[in-house]
Amino acid sequence: MSENKQKWHQQIYWPVTLFLILNPISCMVLVPLYYIFDEFSWSLIAFALIFGAITNLSITAGYHRLFSHKSYDAHPIVKIIFLLIGASAWQGSALKWSSDHRRHHSFIDGDKDPYNFHRGFFFAHMGWMLLKETVDQPIQAPDLQKDKWVYLQDKYYVPVAIFMGYIFPGLIGMMLGSFWGGLIIGGALRIVLTQQSTFFVNSLCHTLGRQTYSKEISARDSLFVAFLTHGEGYHNFHHTFQIDYRNGIRWYHWDPTKWTIQMLSLLGLAKKLRMISNAEILKARLKAEEATLRSRGFADEKLAQLQDKILSAQAKARQLQLEYYKLKKEYSRRRIEFSTAYDQKLEQMKRDMEEARLEFKLGMKIWKLYLRSAA
Ligand SMILES: [Zn+2]
Ligand SMILES: [Zn+2]
């Protein structure tokens, strides 16, 4: 029995396990004590909320979409901010985090996936961090090891994390009236809450929602989960197209991480925002749905024909749209010279464009009708 116990002990990765147990417990004790012995302060709560939101964004827009996936390029100042505030989340260095995350994408749902969802919800959520076997993996991210700022954050991770995670919010708290208030609410409690938010990406994003773009992986798309995870809830899309800086591709999809990256781009602090074309995305979606329709008795040929029709109508509409706007621009420059001829040409192009759009819409309606009738 003692031998088994010894083995069990040896499997645990104690530094992380103790932190994940002691930090929430200390919050349960210290948060009520703080409110009993100190004054309630709205400004401190506001600071903790804002710092919490920025912490999460440093993980989603920084650790995840910038460092792990390189879905856009960022100005060094943005990188440094993400690395400093990202360290305050106590989720490891950007280098270690990204290396694990890339492994998750490469080996999703398999034995080499560090947070393999098939080992259970709790394992994917945080259990994997308690075991040496999954957490103590070699770093495999040569590109990031060459990045000066990422390298430095990894090298000095512990002092940076202690300062940014606890001392910095403590100092802000001191300016707002209470060092301990800042340390407990803006430090420890914020760490618990932001950690849980990130952990949900590995658990809930593989549990709730639709498999819109690939039914072969456990990742799912869900608006509800997107609310909990700063837009990471469109996880099936993300696993299918990991290079895209967006996770929610529609304008109305809740993806604050995408909006942050767009804002950085407008300010000139982010560039080369990588996007998968609408045609590629639609193709993947139709492929995933085709498998459902086929399993319900629709003939391969019929499905292939309809898919071709939809995709070529989409391509035609896109092409005509580009040509139409190009001509319109030219027309505005040379209006007087060619007015009648250009007017007619523009009208004709507009009609063709509308026709292609209608063909596309009709094709999609028929496709959706198939899906409904097969349900
Ligand atoms: Zn990812
Ligand atoms: Zn995932």
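Just so you know, all these numbers are worked out from the coordinates, no wet-lab data involved. For clarity, every value in this text was computed on a predicted model and none was experimentally measured. Because the Cβ atoms are built from the backbone with ideal geometry, glycine has one as well, and the counts that use them run over all protein chains shown.
Results, tabulated for the structure shown:
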quantity: Cα centroid separation, region 226-294 to region 4-58 (Å); calculated: 32
quantity: Spacing of the two label points (7 Å from each Cα toward its C-beta) at Leu208 and Asp352, in nm; calculated: 4.8
quantity: Fewest-first sequence of Arg102, Arg333, Arg296 by Cβ atoms within 10 Å of each Cβ; calculated: Arg333, Arg296, Arg102
quantity: Cβ-based net charge around Met263, under 15 Å, with every Lys or Arg adding one and every Asp or Glu removing one; calculated: +3
quantity: Length gained when the stretch Arg333-Ser106 is fully extended (0.36 nm per residue, less Cα-Cα span); calculated: 76.6 nm
quantity: Karplus 3J(HN,Hα) series, Hz, for region 278-284 with 6.51 cos²θ - 1.76 cosθ + 1.60 (x for Gly, Pro); calculated: 4, 4, 4, 5, 5, 4, 5
quantity: Rounded FRET efficiency, nearest 0.05, which uses the C-beta distance separating Ala291 from Tyr151 and R0 of 35 Å; calculated: 0.20
quantity: Within-15-Å neighbourhood charge of Glu301 [Cβ basis; K, R +1; D, E -1]; calculated: 0
quantity: Rounded FRET efficiency, nearest 0.05, which uses the C-beta distance separating Asp343 from Ile249 and R0 of 35 Å; calculated: 0.45
quantity: Integer Hz, Karplus 6.51/-1.76/1.60 couplings in order for region 84-92, x for Gly and Pro; calculated: 5, 6, x, 4, 5, 7, 6, 10, x
quantity: Extension reserve of the Ser277-Val158 stretch, reckoned as 0.36 nm per residue once the Cα distance is removed; calculated: 38.8 nm
quantity: In region 2-275, lysine pairs closer than 18 Å at Cα, eight or more apart or cross-chain; calculated: 25
quantity: Gain in span if fully extended, Met174 to Gln10, counting 0.36 nm per residue against the direct Cα distance; calculated: 54.9 nm
quantity: Computed FRET value (nearest 0.05) for Glu39 with Leu223, which takes r as the C-beta separation and R₀ as 35 Å; calculated: 0.35
quantity: Charge dipole magnitude, Cβ of K and R +1, D and E -1 - the chain, Cα centre, debye nearest 20; calculated: 1080
quantity: Set of lysines with alpha-carbon distance to Lys345 below 28 Å, sequence-local pairs under 8 removed; calculated: Lys309, Lys316, Lys326, Lys328, Lys329, Lys361
